[in-house]
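Only one structure is covered here, and it is reproduced in the block below.
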Ligand SMILES: *Cc1c(COP(=O)(O)O)cnc(C)c1O
């Protein structure tokens, strides 16, 4: 199937309240335009430089999500246009996003990345750290960021029970915090595990290879 056919079929299978972030990392502009021409507007990238280059050359009504780890010194490149930053995991990063938001005269929407996987390599805060941050005076003083919800990545494994337990942890935290902080998005689920994520209340899935085909890294 073509990218266009994939995206149409995929979206028609999703509940209406679920946002599909089409993860276009490593894929050429043409593949993105194939998806765009079906009416899709929400795309995700995990590298700042690639995101910025694609933003410059592709239609300006695309909503660009940064889904990968973000270094503080690179926030300035995406601050003028980024639609949602998924992987905020420290006050220091949030302060830099706030500073760049102020410079660009906008409030930048963000998600807190929560560590739910077993592997050490995954970034993210603990539930405790996220709660403390949300209640801190330092956070309350930041007027140019808005925390829209939570994001998490499950362990990369075939053990669906483990994946399910990890997503359930994040679902519980999201339910606990959602009303108090006005959260709208629970970003969890990728090509291999989005069905499990949807069972646990995800309303934003980040899907790459199932739409665009496998990625070739070199
Ligand atoms: C690459 C990536 C995805 C999409 O992965 P697929 O397995 O291709 O669907 C989702 N989230 C993050 C953070 C990623 O880096």
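Values in this text are rule-based calculations from the coordinates and carry no lab data. Here the structure is a predicted model, which is why all the values come from computation and not from measurement. So basically every Cβ, Gly included, is an ideal-geometry build from the backbone, and we count neighbours across all protein chains shown.
Assorted remarks:
- Per-residue Cβ neighbour rank within 10 angstrom, fewest leading, 65, 200: 200, 65
- Fewest-first ranking of 140, 47, using other Cβ atoms within 10 Å as the exposure measure: 140, 47
- At R0 = 35 Å, FRET efficiency that the Cβ-Cβ distance of residue 157 and residue 134 yields, to 0.05: 0.70
- Residues 13, 187, 90, ranked from the fewest to the most other C-beta atoms within 10 Å, line up as 13, 90, 187.
- Ranked by the mean number of other Cβ atoms within 10 Å per residue, highest first, peptides 125-132, 163-170 order as 163-170, 125-132.
- Centre separation in Å (Cα based) which lies between segment 158-189 and segment 1-74: 23 Å
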